[in-house]
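Working notes, structure below.
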Amino acid sequence: MSTMTVAAPSQLHLARRMSRLGTETAFEVLVRARALEKQGKKIVHLEIGEPDFDTPRNIVDAGVDALQMGYTHYGPSAGLPDLREAIAEDVSKSRGVHFTADEVVVVPGGKPIIFYTMLALAEAGDEVIYPNPGFPIYESMINFVGAKAVPIPLREERDFRLDVNELASLINDRTKVIILNSPQNPTGGVLTKSDIFDIADAIGDREIMVLSDEIYGRLLFEGEQFSISAIEGMKDRTIILDGFSKTYAMTGWRMGYGVMRPDLAAHISRLMTNSNSCTATFTQKAGIEAIRGDQSATEHMRLEFEKRRNVFVNGINQIKGFSCRLPKGAFYTFPNITQTGWPSKKLADALLDEAGVAGLSGTAFGSFGEGYLRFSVANSVENLENALDRIEQWTKKNL
Ligand SMILES: Cc1ncc(COP(=O)(O)O)c(C=O)c1O
């Protein structure tokens, strides 16, 4: 008779920095929601921030053609020259500042620009100011590289636009980077042109870099899109983050870009060489079609999101304990839930488990998100109405 010995699992010794890395809760909630669906429950998905539309046909065709034509090999780390050229032209037009192809780095999604900017610019002893509530990857990456994460609170009474006086009070000699995001995730807040001029004034002639996350720039319902890079003296100190995920419903293709001074672009390209080698080349060919081709699908999506935003905000404002401002951009709503008397995380969990509505706790976006939930409106009007109905029924039973 043979005896089998089962080896005890060996200890996993992670590098210390891994304890400082955060996450994006949306993906975890999606996994929980899918597990509930497996048990036979019906869930309305309002947790993930991606357009529910498919990538426009002309872009898909360009990607397929590129595959057929053999765009299946490595390309340059900074991106295909044609795409960098197209992006430079497009960004010059939309921002009103002249950019050239050597100022563009194409990466797999908007996220890597956050990752690489922090790796390239911030380290222990530096401070990085970031919006809170805000996209959770900012805080995660600042901590990961060992810099100090300094939150600038976004408050509802200011329509979730940062208070420039408060920002000025947070800037000091250690401030290395300031992160701006407008239109904003998760609040839908939009900075005004005059806010952005005031921010540039607050920075003055300090050698601070601004990471301007403009990924929702084309999803604007009110106000105007204005980039800090257009202010005299700021172009060299701005890294524009933008991409294809939200504008062209291309989240799964993984393609975004940063626009920055050429000397920094060379370093960000080096980070690409060391991590991804390059963005998929057939994806980049599709990107050229996205930028240069018909833009009507983008405008159609914007109008749809606006309609859905109106439906959801009107509906949620009629539910006991919820109140919600009209977001001016992006496809998120950020209702205040303090009148329910429930903490955000507990309420988000209960709505998922008991009402079958997947949303996110405001605290998934930082400590200043307590008192709020985030619901994405990138879903059909029918599903949004269904979610409102379920939330209302739940509140009638539980509040
Ligand atoms: C504010 C913000 N920046 C960047 C990204 C990253 O987008 P991508 O999927 O292109 O990496 C997101 C995605 O949700 C976002 O909300």
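Taken together, the values in this text are just the output of simple stated rules run on the coordinates, not laboratory data. Note that this is a predicted model, so its numbers are computed, not measured. No Cβ is skipped: glycine too gets one built from the backbone with ideal geometry, and neighbour counts run over all protein chains shown.
From least to most packed, judged by other beta carbons within 10 angstrom and beginning with the fewest, Ser77, Ser376 follow the order Ser77, Ser376.
Cα convex hull, the chain: 185 Å³ per residue, rounded to a whole number. Count Lys and Arg as plus one, Asp and Glu as minus one, and take only other residues whose Cβ is under 10 Å from that of Ala101; the net charge is then -4.
Could you calculate the FRET efficiency of Leu14 with Asp353 from 1/(1 + (r/R0)^6), where r is the beta carbon distance between them and R0 is 35 Å, rounded to 0.05? Show your work: numbers first, answer last.
Details: r = 31 Å, r/R0 = 0.90.
With a Förster radius of 35 Å, E is 0.65.
3J(HN,Hα) couplings calculated from phi for segment 363-379 with the Karplus curve 6.51 cos²θ - 1.76 cosθ + 1.60 (θ = phi - 60°) are, in sequence order, 6, 5, 10, x, 5, 6, x, 4, x, 9, 10, 10, 10, 7, 9, 7, 8 Hz; Gly and Pro show x.
With a Förster radius of 41 Å applied to the beta-carbon distance between Glu157 and Ala124, the computed FRET efficiency rounds to 0.70.
Summing Cβ point charges (Lys, Arg +1; Asp, Glu -1) relative to the Cα centre of segment 160-250 gives a dipole of roughly 300 debye.
Scanning residues 5 or more positions from Val357 or on other chains, those with amide H under 5 Å from its amide H are Val44, Leu352, with H placed 1.01 Å from N in the peptide plane. When both segment 115-161 and segment 162-237 are represented by their alpha-carbon centers, they are found 13 Å apart. Dipole of the chain computed with +1 at Lys/Arg Cβ and -1 at Asp/Glu Cβ about the Cα centre; of Gly293, Asn181, Pro335, farthest Cα towards the positive end is Pro335.
Size descriptors for segment 23-89: radius of gyration and Dmax over Cα atoms are 18.5, 50 Å. Computed about its Cα centre, the charge dipole of the chain is approximately 1120 debye, with only Lys, Arg, Asp and Glu carrying charge at their Cβ.
Using the 10 angstrom Cβ neighbour count as an exposure proxy, how do Arg374, Arg390, Arg270 rank, fewest first?
Numbers: Arg374 27, Arg390 18, Arg270 14.
Ordered by Cβ neighbours within 10 Å, fewest first: Arg270, Arg390, Arg374.
Ordering Ser245, Gly75, Ala265 by Cα displacement along the dipole of the chain toward the positive end leaves Ser245 in first place; charges were set at the Cβ atoms of Lys, Arg (+1) and Asp, Glu (-1). The Rg/Rh ratio for segment 230-322, using Cα coordinates for both the radius of gyration and the Kirkwood hydrodynamic radius, is 1.12. Summarising the strand pairing of segment 192-301, around 50 percent of its internal DSSP beta bridges are antiparallel. For the pair segment 38-55 / segment 256-295, the C-alpha centres are spaced 29 Å from each other.
Quick one: order His267, His13, His98 by neighbouring beta-carbon count within 10 Å, fewest to most. Write down the numbers at each step before the final one.
Details: His267 16, His13 6, His98 12.
The most exposed by this proxy come first: His13, His98, His267.
Rounded to two decimals, the Cα radius of gyration of segment 29-130 over 2.2 N^0.38 Å is 1.53.
Taking 51 Å as R0, compute the FRET efficiency from the Cβ-Cβ separation of Asp201 and Gln318 and round it to 0.05.
With R0 = 51 Å, the Cβ-Cβ based efficiency is 0.75.
Per residue of the chain, the DSSP helices (runs of n ≥ 4 H) give a summed -39500 (n - 2.57) that works out to -12000 deg cm²/dmol at 222 nm. Taking a 29 Å limit on the Cα-Cα distance, which of the listed pairs Lys111/Lys396; Lys38/Lys320; Lys235/Lys328; Lys148/Lys285; Lys38/Lys345; Lys111/Lys193 fall beyond it? Beyond 29 Å between Cα atoms: Lys111/Lys396; Lys38/Lys320; Lys148/Lys285. In segment 1-65, taking the dipole from charged Cβ atoms about the Cα centre, the farthest positive-side position among Val60, Pro9, Val31 is held by Pro9.
Taking every DSSP beta bridge with both residues inside the chain, roughly what % is antiparallel (nearest 5)? Mind showing how you got there, number by number?
Details: 15 of 35 bridges.
Around 45 percent of the beta bridges assigned by DSSP in the chain are antiparallel ones.
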